[in-house]
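Undergrad: Pasting in a structure now, in C-alpha cells, and then I'll have a few things to ask.
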Amino acid sequence: MGDSDGPIHEPATKSSAAGHRDPYEVLQVPRDATDQQIKTAYRKMALRLHPDKNANNPEAAELFKEVAYSYGILSDPEKRRQYDVAGFEGVNLDGLDMELDPF
C-alpha cells in the first residue's frame, strides 16, 4: 500500500440508510485517528479528487463531495463524538449539505 496518483479507486464500504458511507472509511483513517491524521487524509484526497483536476470524471466530483462531507463530521469534535456514539442518526447533519450544494 502507498500513496499514488494513479486512477481513482475508493474502497467499497457500507452505506447508511441515508446513503452515506462511514466517514472513517471514506477518509481511510482509523477510528482512533488524530485530528492531524484526519486533516492530512482529507487534504490529500481533496487535492486528488478536486473537480478542477478531474473535469471529465463525474465520479471524482461525487467522491470529492463525499470526502468533504466526511471531513465535515470528523473535523468537528462534537459531530465526531455524536457519530461515534450513534452513527449518522446521532449527528445533526443540518448545514453540512449546504456547504456542498452547487446551487
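The values are calculated or read from the model by the stated rules, or taken from the named source; none is laboratory data. Note that the structure is a prediction, hence the values are computed from the model and not measured. In this analysis, Cβ positions are derived from the backbone assuming ideal geometry, glycine residues included, and neighbour counts consider all displayed protein chains.
Undergrad: Would you check which residues across the range 49-78 are assigned to a helix (DSSP H, G or I), charged (D, E, K, R) and either at pLDDT 95 or above or closer than 19 Å to G90 by Cα (or both) and list them?
TA: Answer for the range 49-78, where residues must be assigned to a helix (DSSP H, G or I), charged (D, E, K, R) and either at pLDDT 95 or above or closer than 19 Å to G90 by Cα (or both): E66, E78.
Undergrad: How many of the residues making up the range 27-44 are under 19 Å from R81 (Cβ atoms) and among the polar types (S, T, N, Q)?
TA: Adding up the residues that qualify gives 3.
Undergrad: Name the residue, out of D32, D3, that is exposed (fewer than 12 other Cβ atoms within 10 Å of the Cβ) and at pLDDT 95 or above.
TA: Sole residue among the options that is exposed (fewer than 12 other Cβ atoms within 10 Å of the Cβ) and at pLDDT 95 or above: D32.
Undergrad: In the range 79-103, how many are at pLDDT below 90, in contact with a helix residue (DSSP H, G or I) (Cβ under 6 Å, 6 or more places away or on another chain) and in a helix (DSSP H, G or I)?
TA: So the count comes out to 3.
Undergrad: Condition test on A17, is it modelled with pLDDT under 95, touching a helix residue (DSSP H, G or I) at 6+ places or on another chain (Cβ under 9 Å) and of a type in the set (A, V, I, L, M, F, W, C)?
TA: yes
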